[in-house]
Every structure is written in C-alpha cells, then in structure tokens.
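Below is one structure, written out as structure tokens, with a few remarks after it.
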Amino acid sequence: MGTLGGKSAVVTGSTSGIGLAYARAFASAGANVVINGFGTPADIEKERSSVERDFKVKAVHSSADRAKSDEIAKMIALGEETFGSADILVNNAGIQFVSPIEEFPPEKWEAIIAINLSSALYAIRAVVPGMKKRGWGRIINTASAHSMVASPFKAAYVSAKHGIAGLTKTAALELATFKITCNCISPGYVWTPLAEKQIPDTMKARKLTREQVIHDVLLQAQPTKEFVTSEQVAALALFLCSDDGAQITGANIPIDGGWTAA
Ligand code: NAD
C-alpha cells in the first residue's frame, strides 16, 4: 500500500494540465481520487479509467461547475459517499483572461473571481467538517507566481490569486490544531492548455508574435528560461500530503524557476 493508501483526494480542474498530474500523483501513492472538470465524455473517461488502470485505485468524475457553490458541496459529498472520506482537497481549477484594465469585461472579472477564488472557500467549507472529525486533512490551493507579483493585463487573475494566498493563511490558522494543513503552491509558467490558450490574447494585447509571447513574455519572467512541468508541481503536492509535510501550513510555496526571487 502506498503512503496515501486508504485515503482519498478531491482534485478540482483535474481533467487536464496540472490538476490531472495531481490526481495521478495521489493515485500513484495509493489514494482514491475524485476527478473534476470539463471535457468530452470520451476524454474524461479515458483519463479516469487510466488512473484506475495505472495505479489500481478507484477514480470517479464529478462534473461540478466551480462557479456554483451547491455543485461544489455535492462534489465533496461524492468523495465522502464513494470513498468514505475526503482527506485531501486540491483547489486547482482556474481560468484566465487577458485584457487592458480599462476594457476588462465585468463578466470575465466575475467568472475569474468565482472560479479561481470563491470556489476554494466553498470547497474548504464543505470538506473541513469531515477532516476535523477524522483528525487529518491536507488542503492545497493552486495559486500562482501571480499571487506574489503582478503582470499587466491580468487584473482579475492577479487579484484572485493574491486572494487565494490570503484565504490559505486564514484557513491554516483556523485549522492548525486539527492536524489539517492548508498551503498554496505557486507555479510559474507551466506548459498546459491554460498557458497555451492565453497566447493569442497576449499577442493581441501586446502586438507580438507567438514566438515573442513565449520567449519575451512568458519565459521572460522565468530566470531558468524553462517551463515548469505539471509533474514537478504534483510532486510538491505529494510532499505536502506526506508526514514530513505536517508542519508546513499557511505557506505559499513558489515553483517558478526563480521568477519571484527577482
Ligand atoms: P488547464 O486549462 O489545463 O486546466 C484547467 C482545469 O480546470 C480543466 O480541468 C478544466 O476543465 C477545469 N475547469 C475550468 N473551469 C472550470 C469550472 N468552472 N468548473 C470546474 N472545472 C473547471 O489549466 P492549468 O494550467 O492546469 O491550471 C490549473 C491551475 O494552475 C489554475 O488554477 C491556474 O491558475 C494555475 N496555474 C497555472 C499556470 C500555468 O502556467 N499553466 C501557472 C500558475 C498557476
């Protein structure tokens, strides 16, 4: 049995990118997982079944929309009812929109704050009673280097990510005596569909070519000049869920090729 054998993890936004890497990392350590996020039924089933096949654990999919608080509560309940507990929660689903501040569409602002920030509170609120009862829990929020520093044209994203760093500290303090930790992982640029999708808008906003956006905007901020991988982010999450991670709480841990050291 792996180090997380007998435990279960709910990972939001795990049909793709970093979230899928978290789900696979927890499963590799023996945890059952609730996968959440959008995609075609065939694509979701492919990922879900490969988690079960590759790691000999159980995986279920929740189609909960992170913009809706009632659906988030049902996603946590699905984990508890299917596996008997929701021991690990990763608030990871996120969206991005790039625009000059004076043109920032209010509906995009509302959606980013809802999905990237408010949803984390709703999930934490739903998962904590069970964690307290069992006397163990790990909550990880995927923040971003943008929880520590800003970039132009990302008003809503930067605001939501700074917000989730504050929520993380508050939850950590409230839960510290219950053996429940709450931390942020703050990646720099990770090569995922989210990173790729913002290239066209950044090309438009900054009047640059695709190559210029990749090298002069995205990797410009990252001293190593390399993208972070989803697997590296997931390995950090796995450490936070280990016994050795028990005293790390309220932290905002960068994994950003040196970006926020500058
Ligand atoms: P991604 O686009 O590859 O995956 C996003 C996931 O969220 C998908 O599974 C998608 O279906 C899901 N999702 C989107 N809206 C949702 C909603 N309303 N309800 C439920 N699920 C929803 O993105 P990614 O790059 O893997 O990003 C994951 C997290 O990492 C985000 O919070 C993002 O802000 C953060 N992050 C990414 C980078 C990067 O460079 N890729 C850097 C720093 C932080």
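The values are calculated or read from the model by the stated rules, or taken from the named source; none is laboratory data. A quick note: this is a predicted structure, and the numbers were derived from the prediction, not measured. Every residue, glycine as well, gets a Cβ built from its backbone with ideal geometry; the counts of neighbours run over all protein chains shown.
Do we have residue 219 as surrounded by fewer than 16 Cβ atoms within 10 Å (Cβ to Cβ), aliphatic (A, V, I, L, M) and in a helix (DSSP H, G or I) here? Against the criterion (surrounded by fewer than 16 Cβ atoms within 10 Å (Cβ to Cβ), aliphatic (A, V, I, L, M) and in a helix (DSSP H, G or I)), residue 219 does not qualify. For beta carbons closer than 9 Å, sequence separation of 6+ or different chains, a first residue in region 108-122 that is part of a helix (DSSP H, G or I) and a second that is more than 9 Å from the ligand (Cβ to nearest atom) and of a type in the set (Phe, Trp, Tyr), the qualifying pairs are 108/97; 109/97; 111/97; 112/97. For region 123-155, filtering for residues that are part of a helix (DSSP H, G or I) and either under 30 Å from residue 207 (Cα atoms) or in contact with a Pro (Cβ under 8 Å, 6 or more places away or on another chain) (or both) leaves 4. Does residue 139 satisfy the condition of being in contact with a Cys (Cβ under 7 Å, 6 or more places away or on another chain), at pLDDT 95 or above and within 15 Å of the ligand (Cβ to nearest atom)? Yes, satisfied. If I filter region 169-181 for residues that are part of a helix (DSSP H, G or I), buried (at least 19 other Cβ atoms within 10 Å of the Cβ), modelled with pLDDT of 95 or more and of a type in the set (Phe, Trp, Tyr), do I get at least one hit? Within region 169-181, not a single residue is part of a helix (DSSP H, G or I), buried (at least 19 other Cβ atoms within 10 Å of the Cβ), modelled with pLDDT of 95 or more and of a type in the set (Phe, Trp, Tyr). Checked against the criterion of being within 25 Å of residue 119 (Cβ to Cβ) and charged (D, E, K, R), the candidates 54, 43 yield just one match: 43.
Scanning region 236-262 for residues that are closer than 16 Å to residue 18 by Cα and either modelled with pLDDT under 95 or surrounded by fewer than 16 Cβ atoms within 10 Å (Cβ to Cβ) (or both) turns up just one, 239. Within region 187-204, residues that are over 16 Å from residue 221 (Cβ atoms) and modelled with pLDDT of 85 or more have Cβ atoms under 8 Å from residues that are within 9 Å of the ligand (Cβ to nearest atom) and in a helix (DSSP H, G or I) in these pairs: 192/17; 192/18; 192/230, counting only partners at least 6 apart in sequence or on another chain.
Check whether at least one residue in region 70-79 is over 27 Å from residue 238 (Cα atoms), within 17 Å of the chain's Cα centre (by Cα) and either acidic (Asp, Glu) or surrounded by fewer than 20 Cβ atoms within 10 Å (Cβ to Cβ) (or both), and report yes or no. No, because not a single residue in region 70-79 is over 27 Å from residue 238 (Cα atoms), within 17 Å of the chain's Cα centre (by Cα) and either acidic (Asp, Glu) or surrounded by fewer than 20 Cβ atoms within 10 Å (Cβ to Cβ) (or both).
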